[in-house]
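Colleague: Got a structure for you, questions after.
Please treat every number below as a calculation from the coordinates, not as lab data. Every value quoted in this text rests on a predicted model; they were computed, and no experiment measured them. Counting neighbours? That spans all protein chains shown, and the Cβs are built from the backbone with ideal geometry, glycine included.
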Amino acid sequence: MATLEIRDLHVSVDTENGPKEILRGVDLTIAGGQTHAIMGPNGSGKSTLAYSIAGHPKYNITSGTVTLDGEDVLDMAVDERARAGLFLAMQYPVEVPGVSVANFLRTAKTAIDGEAPKLRTWVKDVNTALADLEMDPEFAQRNVNEGFSGGEKKRHEIVQLELLNPKIAILDETDSGLDIDALKVVSTGVNRFAEQGDKGVLLITHYTRILRYIKPDFVHVFVDGRVAEEGGPELADELEANGYERFLKAAAK
Amino acid sequence: MTASETLVATGNRAHSHGPGSPVPLQARSERPTSYDVADFPVPNGREEEWRFTPVKALKALFADEPGTEIPKVDASGPDGVVIETVAADSLKVGRPQDRTAAVAWTHAAEAVAVRIPVEAELTEPVHVNVAGLGARGFSHLIVDAGRHSRAIVIIDHTGAGELGSNVEIVVGDGADLRVVSIQQGDHESIHLAQHDALVGRDAKLHHVVVTLGGKVVRVNTNVRYAGPGGDADLVGVYFAESGQHHEHRLFVDHEATHCKSNVLYKGALAGDNARSVWIGDVLIRAAAEGTDTFELNRNLVLTDGARADSVPNLEIETGEIEGAGHASATGRFDDEQLFYLQARGIPEDAARRLVVSGFFNDIIGKIGVPEVAEHLHEVIEEKLARTAELSTSAKAVIGQ
Ligand SMILES: Nc1ncnc2c1ncn2[C@@H]1O[C@H](COP(=O)(O)OP(=O)(O)O)[C@@H](O)[C@H]1O
Ligand SMILES: [Mg+2]
């Protein structure tokens, strides 16, 4: 089973006033079969962690390591990371004008598998994945994320998760901006993915709401660029009751 | 795309441009036309209509002298079409607007005329190939679509040397004519063209310009309407690489009532000194009630060192119009799109190709001739492959 290991990860971004450190030593291990939730207030560096693992060029890794089954992820190009089995559902999925969802999905699937999917089963798979996320089949003919509502963009991310079926999925606030019905649909999709048994899930969220539908094995509280505390699902219950205050105070010391 | 877009004056009322929009030095309607070369001084590059153009490279086409060659013109079409040679000034729908058009008019002794008879519906496109042979030459084409005819005419400009050309287009009442002009001369070739179209009552013109080759290409397209209910769709695609200058000028002159015009030009630029210029002038005269017009130009700058100029200009002299608007946007290649595609496993070069073909997708769909659309696809792929080499070698240099 796959294991994603993050060790002492330090990440900075370039700003007008020079580099600014955002991640300040993150340690995290996600093994296949496990679901981890990262919870943290806005600006704590959650997206930075997700993007850094995926290889977004904006983020500079200043020290630390990320490995997938022992392979150095940080040494891989963005597309190599995806082909190695990492998937990032983005907080703000990007519009790609003029490129249809069908073309996009087929191109991605071909790249991930190293061969084109069989035409007949593929069309069926796409339609099933869309239907599972309660998206109309006509979305296949629309341009990628163009004119999609916030909720449709998030569902489309999970459609991709199911079709590309990576080893480890990182979901960056997939729950934000969803109404309760959409949240259930999206959670069901994530659970279907996780229930294959050997898949790792890193669920990044600001709210505890999604944890009613997706049960994490581990909860990490993320404050100020590092993991402030970790535990089991009970930690989420504490956050639900008391919020982030205790952790913010501790970090301020 | 990281582009800013301005949408001006949509709705049935006159508008004035806000501060910052270019004020024409001279109203478009007042710009002179003449068949006499002497009426146009040799441009120095400071004139409004030449200020974006590398005039130094154009000396040969400014000289009031006969050509040193006659470009090879081959025309063929399906049954029904009439192809003949006529005197250059037999139609005079075209009116030269600048020195090079007047020079080309004067020194192209004859014109090749493609006539689509009244009510003929051609099943296959008419093909016209104008090939420069390496020297300095002039060509003159007439496309004359009879009343209620339907036809597609493809004009393919190829070869080497310096070419000055005039194309006159008449769309008869109720006719539907598609003219596709492809500019794909050799990398050192120069081609300056003027197209003048007269759109008849209730007629439809699809005018498609595809500019891929050449060192300097400038296509100046003018549309007038002979009666009410005319409709002109003006589509252009260009892709300028290092050392190429692709310039497209449009002037749609609305004088008849209830006419439409829709302009959509899209271009990509890659490489050092890749240059594009788009000037879109639309004039709605006081008499042109019920006009409906929109123009849009988009540019995608793929590498550093390339530059796109885009100047839309709308002059409205009547308030009684259906709608009028323009938009122009120039954006750099969007790294977020690239990241998103790569994050789904798609390698960088394939991701770039996907983004660029996405950018051109809608306009390729409007070309309306599968053989041209396919050819365009292929050439864009070739150009992108060269662009990828550029960026790889640039990275290699940085990485040293
Ligand atoms: N380009 C940038 N310049 C300056 N600060 C940045 C830049 N990008 C991100 N940040 C800062 O990094 C911090 C973490 O951002 P982010 O990872 O998006 O947090 P989260 O996803 O937890 O809300 C924030 O304080 C944000 O303002
Ligand atoms: Mg975030």
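Colleague: If each DSSP helix of 4+ residues adds -39,500 (n - 2.57) and the sum is divided by the residues in chain B, what number results at 222 nm, nearest 500 deg cm²/dmol?
Modeller: Details: 5 runs with 69 residues, N = 400.
Helices in chain B give a 222 nm mean residue ellipticity of -5500 deg cm²/dmol.
Colleague: Another question, if that's okay. Report the FRET efficiency, 1/(1 + (r/R0)^6), for A:Glu138 and B:Arg332, where r is their Cβ-Cβ distance and R0 is 25 Å, rounded to 0.05. List each step's numbers first, then the result.
Modeller: Values: r = 32 Å, r/R0 = 1.27.
The value I calculate is 0.20.
Colleague: While we're on this one: Kindly identify the range A:133-184 as rounded, prolate or oblate by the Cα gyration tensor criterion: order the square roots of the eigenvalues as a ≥ b ≥ c, call it rounded if a/c is under 1.5, otherwise compare a/b with b/c, prolate if a/b is larger, else oblate. Write down the numbers at each step before the final one.
Modeller: Working: a/c = 1.72, a/b = 1.11, b/c = 1.55.
It is oblate, given that a/c is not under 1.5 and a/b is not larger than b/c.
Colleague: Measure off 7 Å from each Cα along the Cα-to-Cβ vector at B:Asp309 and B:Lys92, then give the distance between these two points in nanometres to one decimal.
Modeller: Modelled inter-label distance: 3.4 nm.
Colleague: Let me ask another. Using only alpha carbon positions, build the gyration tensor of the protein assembly as shown, then give the equivalent ellipsoid semi-axes as the square roots of 5 times its eigenvalues, largest first, whole angstrom.
Modeller: On the way: eigenvalues 647, 124, 112 Å².
Taking √(5λ) for each Cα gyration eigenvalue gives 57, 25, 24 Å.
Colleague: Tell me, how many Å apart are the Cα centres for the range A:43-81 and for the range B:177-193?
Modeller: Between the Cα centres of the range A:43-81 and the range B:177-193 lies a distance of 48 Å.
Colleague: Let me ask another. When a/c reaches 1.5 or more, the comparison of a/b and b/c decides; with that in mind, is chain A rounded, prolate or oblate per its Cα gyration tensor?
Modeller: Values: a/c = 1.68, a/b = 1.40, b/c = 1.20.
Note, shape of chain A comes out prolate.
Colleague: Within the set A:Lys154/A:Lys249; B:Lys260/B:Lys366; A:Lys109/A:Lys199; A:Lys153/B:Lys266; B:Lys204/B:Lys260; A:Lys20/A:Lys154, which residue pairs have Cα atoms separated by over 21 Å? Can you show the working numbers first?
Modeller: On the way: A:Lys154/A:Lys249 33 Å; B:Lys260/B:Lys366 17 Å; A:Lys109/A:Lys199 18 Å; A:Lys153/B:Lys266 27 Å; B:Lys204/B:Lys260 9 Å; A:Lys20/A:Lys154 30 Å.
Flagged as over cut-off: A:Lys154/A:Lys249; A:Lys153/B:Lys266; A:Lys20/A:Lys154.
Colleague: Amide H to amide H, which residues 5 or more places from B:Thr221 or on other chains are under 5 Å from it, using H placed in the peptide plane?
Modeller: Here the answer is B:His195, B:Arg249, B:Leu250, B:Phe251, since their amide H atoms fall under 5 Å of that of B:Thr221.
Colleague: Continuing with this model, one more query. Over the range B:77-147, consider all pairs of different Cα atoms and compute the Kirkwood hydrodynamic radius from their mean reciprocal separation; express it in Å, one decimal. Before the final figure, lay out the partial values.
Modeller: Working: mean 1/r = 0.0739 Å⁻¹.
Answer for the range B:77-147: a Kirkwood hydrodynamic radius of 13.5 Å.
Colleague: Give the calculated FRET efficiency between A:Glu16 and B:Arg31 to the nearest 0.05, with a Förster radius of 51 Å applied to their Cβ-Cβ distance. Let's see the in-between values first.
Modeller: On the way: r = 47 Å, r/R0 = 0.92.
Once rounded, the FRET efficiency stands at 0.65.
Colleague: Taking the Cβ-Cβ separation of B:Glu322 and A:Thr188 as r and a Förster radius of 60 Å, what is the calculated FRET efficiency to the nearest 0.05? Mind dumping the intermediate values first?
Modeller: On the way: r = 49 Å, r/R0 = 0.82.
My answer for the efficiency is 0.75.
Colleague: If you don't mind, there's one more thing I want to ask. Which whole-angstrom value gives the distance between the alpha carbon centres of the range B:240-270 and the range B:274-337?
Modeller: After rounding, the separation between the Cα centres reads 8 Å.
Colleague: With θ taken as phi - 60° and the coefficients 6.51, -1.76 and 1.60, list the Karplus ³J(HN,Hα) couplings across the range B:222-238 in order, rounded to whole Hz; mark glycine and proline as x.
Modeller: Couplings: 10, 10, 10, 10, 8, x, x, x, x, 9, 10, 10, 10, 10, x, 9, 8 Hz.
Colleague: Skipping prolines and chain starts, which residues have an amide H placed within reach, meaning under 5 Å, of the one on B:Val311, given they are 5 or more residues away or on another chain?
Modeller: B:Trp278, B:Ile279, B:Gly280
Colleague: Rg and Dmax of the range A:1-137 over Cα atoms: what are they, in angstrom?
Modeller: Taking only Cα atoms of the range A:1-137, I get Rg and Dmax of 17.4, 55 Å.
Colleague: Further, regarding this structure: In nanometres, what is the gap between the two model label sites at A:Lys118 and A:Arg7, each 7 Å from Cα along Cα-to-Cβ?
Modeller: It is 4.2 nm.
Colleague: Still on this model: Counting alpha carbon pairs within less than 8 Å and at least 6 residues apart, what relative contact order, in whole percent, applies to chain B? Walk me through the numbers before you get to the answer.
Modeller: Numbers: 1070 pairs, mean separation 50.6, N = 400.
In percent, rounded to a whole number, it is 13.
Colleague: Measuring from centroid to centroid over Cα atoms, what is the spacing of the range A:189-253 and the range B:48-117 in Å?
Modeller: Each part's Cα centre sits 73 Å from the other's.
Colleague: Could you give me the ³J(HN,Hα) list for the range B:244-255, computed from phi with Karplus coefficients 6.51, -1.76, 1.60 and θ = phi - 60°, whole Hz, x at Gly and Pro?
Modeller: After applying 6.51 cos²θ - 1.76 cosθ + 1.60, I find 9, 10, 10, 10, 10, 10, 10, 9, 9, 10, 8, 10 Hz.
Colleague: Please report, ordered by residue number, every helix of chain B (full DSSP H runs) that is 20 Å or longer along its axis going by C-alpha atoms and whose mean Kyte-Doolittle hydropathy reaches -1.0.
Modeller: Numbers: long enough: B:348-365 (25 Å, 0.32); B:370-399 (43 Å, -0.09).
Answer set is B:348-365, B:370-399.
Colleague: Around B:Gly159, which amide H atoms from residues at least 5 apart in sequence, or from another chain, sit under 5 Å from its own amide H, with H modelled in the peptide plane?
Modeller: Close amide H contacts, sequence-distant or interchain: B:Gly132, B:Asp186.
Colleague: Now for a separate question. Quick check on the range B:31-333: take the gyration tensor over C-alpha atoms, sort the square-rooted eigenvalues as a ≥ b ≥ c, and tell me if it's rounded (a/c under 1.5), prolate or oblate. Each step should come with its number before you reach the end.
Modeller: Values: a/c = 1.45, a/b = 1.08, b/c = 1.34.
It comes out rounded by the Cα gyration axes.
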